[in-house]
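Working notes, beginning with the structure itself.
The values are calculated or read from the model by the stated rules, or taken from the named source; none is laboratory data. Computed from a prediction, not measured in an experiment: that's the story for all the values here. All Cβ positions, even for glycine, are placed from backbone atoms using ideal geometry, and neighbour counts span all protein chains on display. These accessible areas exclude ligands, DNA and RNA; they are computed on the full protein's heavy atoms, side chains included. Shrake-Rupley method; radii C 1.70, N 1.55, O 1.52, S 1.80 Å.
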Amino acid sequence: MRTSDRAEAQTERLLEDVDVVVTVQVFRPFLQFSNSHRYRPMSLDQEFRFLGKQNLVDVRDAIVCPADCAIPPDVSEFPDRIPTTSASELWPSNYMYIGGVVYNDTRSDKAVDISKEVLDWAKQRPNVMAPLRSADMQDHRLLDLKVRVGLPYLYVHQGNCEHMIVFSCIRLLHPEDTWDVSRYPIVSDISRSRRKICIVCHTYTARWVTYEDELSPEEPAFFCDKCFRMLHYDKDGKKLAPFKAYVYHDRHLL
């Protein structure tokens, strides 16, 4: 084969593999139960680059949120007997609202349609909301979506943990990009916010969060493991006062 023929064949093969690169920004969850009425600007948490041929569930699986890692039960009575089942295993249901379509993640046998109330709410308000429809998240590639660059969309999981997501850039794959499909999604940005430190020692990263805590001046209150045990239990491991305690996962350790 002549050199020009080989070059032409290689070019054709590359063109067959040409894809688009989709940049997706994920923002911190909305404050649901804040006692403050002050405005808090939206904060970018994570940014990824995906290939257009990748599935919408790949976006969902790339998102890291402490709410998924939470261990739900109050373990104040037995802090050494921490369950191993996380919130994402107990309640895997989630959906994304993009362009008038609610995409449900139905991969798990435990998943339920948590978007049903939203769809019913929209049906009751035809003069306010355009008709919505639902679809399975795993059946749609990013290329299949009808999105507008820069427009905010919604990702909801754990019942009421809501993240704004934005498709900030859509472009063709170029020679400077990696062509290794296995490397996608690529993390292109991540939050640099401060870790949550213990309110007692002001040194170590918090491992526990307490509520209704008579021994703490704050609610919620965050403690490292050593300060938590020294403040809340006697030498026999008995609680010194009423409180509820939960394992805390700092986002910097995920």
Given a 1.4 angstrom probe, I'd like the percentage of the accessible area of the chain that is carbon and sulfur, rounded to a whole number.
52 percent
In degrees, nearest 10, the alpha-carbon axis of helix 3-17 is tilted away from the dominant principal axis of the alpha carbons of the chain by 40 degrees
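With r defined as the distance between the Cβ atoms of Tyr233 and Thr85 and R0 fixed at 22 Å, what FRET efficiency is calculated, to the nearest 0.05?
0.35
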Under 18 Å from the Cα of Lys238, which aspartates and glutamates turn up, not counting those fewer than eight places away in the same chain?
Asp74, Glu77, Asp80, Glu212, Asp213, Glu214, Asp225
Find the accessible area per residue for region 55-193; the probe is 1.4 Å, ligands and nucleic acids are left out, and the unit is Å².
58 Å²
Using just the Cα positions, wrap the chain in a convex hull and report its mean projected area in square nanometres, one decimal place.
19.5 nm²
Qualifying GluC sites (Glu not before Pro) for region 155-246 [loop in DSSP, other Cβ within 10 Å: at most 10]:
Glu176, Glu214, Glu218
Region 79-169: chymotrypsin sites (Phe, Trp or Tyr not before Pro) in DSSP loop, at most 10 other beta carbons within 10 Å:
none
Cross-link reach list, lysines versus Lys239, counting only Cα pairs under 23 Å and skipping chain neighbours closer than eight places:
Lys226
Among the aspartates and glutamates, which have Cα under 14 Å from the Cα of Lys110 when same-chain residues fewer than 8 positions away are ignored?
Glu89
Compare the peptides 227-236, 177-186 by average per-residue count of other Cβ atoms within 10 angstrom and give them in order, highest first.
227-236, 177-186
Inverse of mean 1/r across different Cα pairs in region 168-242, Kirkwood, Å
16.2 Å
